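Asker: The structure follows.
The values are calculated or read from the model by the stated rules, or taken from the named source; none is laboratory data. This is a predicted model, so every value here is computed, not measured. For neighbour counting, all protein chains shown are included, and Cβ atoms are generated from backbone atoms with ideal geometry for every residue, glycine included. The protein model used for the area step is the full one, side chains on, heavy atoms only, and it has no ligands, DNA or RNA in it. Shrake-Rupley method; radii C 1.70, N 1.55, O 1.52, S 1.80 Å.
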Amino acid sequence: MIGAMAGRACAIVALLLSAASPALAAEPEVVRFQVGDKELHWTVPEGYCPPKGPMASLAQMMATMDTQNVTVLTLYACDATLTKLDRYILVKAPVAALMATLERDQFLTLMEAEFDTPAFKAFLEKGDVNGTIDKGMETLFGAKTQTSGKVVPMGMDDSCAIIGGSMTMQTQQAQVAIGVGGCLTAAAGKAILVAAYEGYDGPDTVRTLVQRSRDFALSIIAENEAPAS
């Protein structure tokens, strides 16, 4: 009798404790990626996951379409599928700068000068990028597409050279509009582009993605650079 009562009391206490204690949160995942000779790491933002299975294959295939940059990290929304891909993050490194070591202020000074050159603006204005996307989609997936839109410089701050815009891809079956915001910066001496993508729903989408990409870039910097003493 006493043993049974003690058992019930223990069960009640355990129930009360579990109700009063917050559930243990899952440990955030940390990913590692290589930029030239430097390994960087980053705590995966909430709601995003590294691609696995068919999504990993898709990430690898899509990365081959960009010949000027190495895609060092791809993160999709955790509920993404091959037919539902409307929110993701790409971290890229310029091929031309892979071997270089650049302080952030040095890199941003270079980017500020580049943003002002007619050649850079003309490059972004031309349809070459869209044509490359269309050619890559046909080569990789056998899908004929017509891509329009552009990504443009949107200014500088003390952490980022900012780009943003939207692109629309028309196929025989559907039309997809995607917004992008990007932060070009340097983390631990390596030049990177952190770009956030989401379904486009007007100019506010781009403003949101620019801020998101900047926040992501700052978190990569904070995790990979020792605080100044």
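Asker: Under a point spin-label approximation (7 Å from Cα along Cα-to-Cβ), what is the K135-Q34 distance to one decimal in nm?
Answerer: The answer from the label model is 2.8 nm.
Asker: Can you classify the stretch 141-229 as rounded, prolate or oblate using the Cα gyration tensor, where a ≥ b ≥ c are the square roots of its eigenvalues, rounded means a/c under 1.5, and otherwise it's prolate if a/b beats b/c and oblate if not? Present the calculation step by step, with values, prior to reporting the outcome.
Answerer: On the way: a/c = 2.96, a/b = 2.27, b/c = 1.30.
Verdict is prolate for the stretch 141-229.
Asker: Residues of the stretch 30-225: accessible area per residue at 1.4 Å, in Å²?
Answerer: Values: 10200 Å² over 196 residues.
With all protein chains present, the stretch 30-225 gives 52 Å² per residue.
Asker: OK, next. Of the accessible area of the stretch 30-225, with the probe set at 1.4 angstrom, what percent is carbon plus sulfur? Before the final figure, lay out each step's value.
Answerer: Values: 5580 of 10200 Å².
With neighbouring chains kept in place, the figure for the stretch 30-225 is 55 percent.
Asker: Where Lys and Arg each count +1 and Asp and Glu each count -1, what net charge lies around V44 among other residues with Cβ under 12 Å from its Cβ? Mind dumping the intermediate values first?
Answerer: Numbers: positive: R32; negative: E27, E29, E46, E223.
Spelling it out: positives minus negatives among the neighbours equals -3.
Asker: Continuing with the same structure: Go ahead and run the numbers for FRET between S57 and D116, Cβ-Cβ distance against an R0 of 45 Å, rounding to 0.05.
Answerer: Working: r = 40 Å, r/R0 = 0.89.
Taking R0 as 45 Å, the efficiency between S57 and D116 is 0.65.
Asker: A further question follows. Tell me, what is the FRET efficiency for K150 and K84 to the nearest 0.05, using R0 = 25 angstrom and their Cβ-Cβ distance as r? Let's see the in-between values first.
Answerer: Values: r = 25 Å, r/R0 = 1.01.
The formula returns an efficiency of 0.50 here.
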